[in-house]
Amino acid sequence: MHLSQIRTAGGGIAVVAREGTEAAVVRGASSVRELALEALEAGQSLAQAVAARGLGEAVDLARLLEDGRVLSPIHHPDPAHLHVTGTGLTHLGSAATRDAMHQKARAEDATDSLRMFRMGLEGGKPERLPGVQPEWFYKGDGSMIVAPGAPLLSPAFAEDAGEEPEIAGIYVIAPDGTPARVGWALGNEFSDHATERVNYLWLAHSKLRPASFGPEILVGDLPAHVEGISRIRRGGEVIWERPFLSGEANMSHSLANLEHHHFKYALHRRPGDVHVHFLGTATLSWADGLRTAPGDVFEIEAAPFGLPLRNPLAVEADRGPATVRPL
């Protein structure tokens, strides 16, 4: 089953459930978050919660996406209670890309990136939790989320505006503080790779950028092997395209280990909060020397996730230096 959120003709929000090619509105559901909390309260799965409410009007989700009426597939009414985070160096091909970006030492010296990747290979899939902790970063709150089809807005001060095709885990925290996984979604963990390349300690700066995910959430288990395509279009023409692999079979960490190291913090177990946690990638156009430009369209697709995720690139106006007013 897949879940998504759409804007209704009256301006409200409706939840859409899709099985196979058939998609329909979930009766009376105004958000995926509320549906998840309802399932938790009733001791149900999401599929059972959807069945209990029943399905109403059939919808053409692809057409709604073209019309700009498909929203991010989960939200929180207070954006400050939606956390956007991620992990890096989690995929088997990720070390070469990151190590090349950060290579400042002599050729025979391992960078911090390569050492962290090796730690994941050695201890990222433990028989018993916890395993070695991964790289972790913060991207922002719900105000940083961009709907499918909407522009990813790069700050005027950014040195680069590059895509990162990833899978994101989607979670809601139960009333008793237990993390509950809603499912998985395609994501563009949009980042500034040029800034990160200057110094690895600028990684935190490079990640404070918008992100997009969806259009649909895959409910249930993540396939162990995921094959997808990431491409960039300019003026309607494909200027870059590469396959990407994800899923646990292609990762140096288990999903359980990544989840443990995110939710071990009490801050991340606040009842009612939503978490969108990006799992990492090994495929970047930046690594192939491509530099994006305003108007480029990022496109990410993988069969298990339904509709592709597309977002154009835009750059915000230069606001000049940030100044502080004394009181």
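The values are calculated or read from the model by the stated rules, or taken from the named source; none is laboratory data. What you see is a predicted model, and the numbers here were worked out from it, not measured in a lab. Here the Cβ is made from the backbone with ideal geometry for all residues, glycine too, and neighbour counts use every protein chain on show.
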Handout entry: Filter result for ASP109 (surrounded by fewer than 14 Cβ atoms within 10 Å (Cβ to Cβ) and either acidic (Asp, Glu) or at pLDDT 85 or above (or both))
Key = yes
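Identify, from the list GLY247, GLY220, the residue that is surrounded by fewer than 18 Cβ atoms within 10 Å (Cβ to Cβ) and closer than 21 Å to ILE170 by Cβ. Spell out the reasoning first.
Working: GLY247 fails: surrounded by fewer than 18 Cβ atoms within 10 Å (Cβ to Cβ).
Result of the check over GLY247, GLY220: GLY220.
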For region 257-273, pairs from a residue that is touching a residue at least 24 places away in the same chain (Cβ under 8 Å) and within 20 Å of GLU127 (Cβ to Cβ) to a residue that is part of a loop (DSSP other than H, G, I, E, B) and of a type in the set (A, V, I, L, M), with Cβ under 8 Å and 6 or more apart or across chains, are ASN257/LEU129; ASN257/VAL132; LEU258/LEU279; HIS260/LEU129
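If only one of LEU327, LEU267 is surrounded by fewer than 17 Cβ atoms within 10 Å (Cβ to Cβ), more than 22 Å from ILE167 (Cβ to Cβ), at pLDDT 95 or above and assigned by TED's automatic domain parsing to the domain that holds ALA158, which one is it? Steps first, please.
Numbers: LEU327 fails: assigned by TED's automatic domain parsing to the domain that holds ALA158.
Step by step, each of LEU327, LEU267 is checked, and only LEU267 is surrounded by fewer than 17 Cβ atoms within 10 Å (Cβ to Cβ), more than 22 Å from ILE167 (Cβ to Cβ), at pLDDT 95 or above and assigned by TED's automatic domain parsing to the domain that holds ALA158.
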In region 122-149, anything touching a Phe, Trp or Tyr at 6+ places or on another chain (Cβ under 9 Å) and farther than 23 Å from TRP202 by Cα is listed as VAL146, PRO148
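Taking the condition crowded, with 18+ Cβ neighbours inside 10 Å, of a type in the set (S, T, N, Q) and over 30 Å from ALA174 (Cα atoms), does THR292 pass? Spell out how you get there, then give the answer.
On the way: crowded, with 18+ Cβ neighbours inside 10 Å: yes; of a type in the set (S, T, N, Q): yes; over 30 Å from ALA174 (Cα atoms): yes.
When the stated conditions are applied, THR292 passes them.
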The residue from ARG242, ARG319 that alone is of a type in the set (Lys, Arg), modelled with pLDDT under 95 and not in a helix (DSSP H, G or I) is ARG319
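Looking at the structure I just gave you, is ARG234 over 30 Å from GLY177 (Cα atoms), touching a residue at least 60 places away in the same chain (Cβ under 8 Å) and basic (Lys, Arg)? Please lay out each step first, then the result.
Details: over 30 Å from GLY177 (Cα atoms): yes; touching a residue at least 60 places away in the same chain (Cβ under 8 Å): yes; basic (Lys, Arg): yes.
It is true that ARG234 is over 30 Å from GLY177 (Cα atoms), touching a residue at least 60 places away in the same chain (Cβ under 8 Å) and basic (Lys, Arg).
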Flagged in region 9-49 as charged (D, E, K, R) and either out of contact with any Leu (no Cβ under 7 Å at 6 or more places or on another chain) or surrounded by fewer than 16 Cβ atoms within 10 Å (Cβ to Cβ) (or both), in numbering order, are GLU19, GLU22, ARG27, ARG33, GLU34, GLU38, GLU41
Of the listed residues (HIS277, HIS262), the one being at negative phi, in a helix (DSSP H, G or I), in the same structural domain as GLU122 (by TED's automatic domain parsing) and crowded, with 21+ Cβ neighbours inside 10 Å is HIS262
Selection from region 118-138 of residues charged (D, E, K, R), under 24 Å from the mean Cα position of the chain (by Cα) and within 16 Å of GLU248 (Cα to Cα) yields LYS125
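Of all strands (runs of 3 or more DSSP E) completely enclosed by region 104-186, which ones contain at least 1 residues that are of a type in the set (Ser, Thr, Tyr), closer than 30 Å to ASP67 by Cα and touching a strand residue (DSSP E or B) at 6+ places or on another chain (Cβ under 6 Å)? Before the answer, list the steps.
Numbers: elements: 135-141, 152-154, 165-173.
Counting at least 1 such residues, we get 152-154, 165-173.
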Going through region 47-80 in order, the residues found to be small (Gly, Ala, Ser), within 20 Å of the chain's Cα centre (by Cα) and in a helix (DSSP H, G or I) are ALA80
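Any idea which of GLU196, GLU241 is in contact (Cβ under 8 Å) with a residue 12 or more places away in the chain, among the acidic types (Asp, Glu) and closer than 18 Å to MET116 by Cα?
Numbers: GLU241 fails: closer than 18 Å to MET116 by Cα.
Testing whether each residue is in contact (Cβ under 8 Å) with a residue 12 or more places away in the chain, among the acidic types (Asp, Glu) and closer than 18 Å to MET116 by Cα leaves just GLU196.
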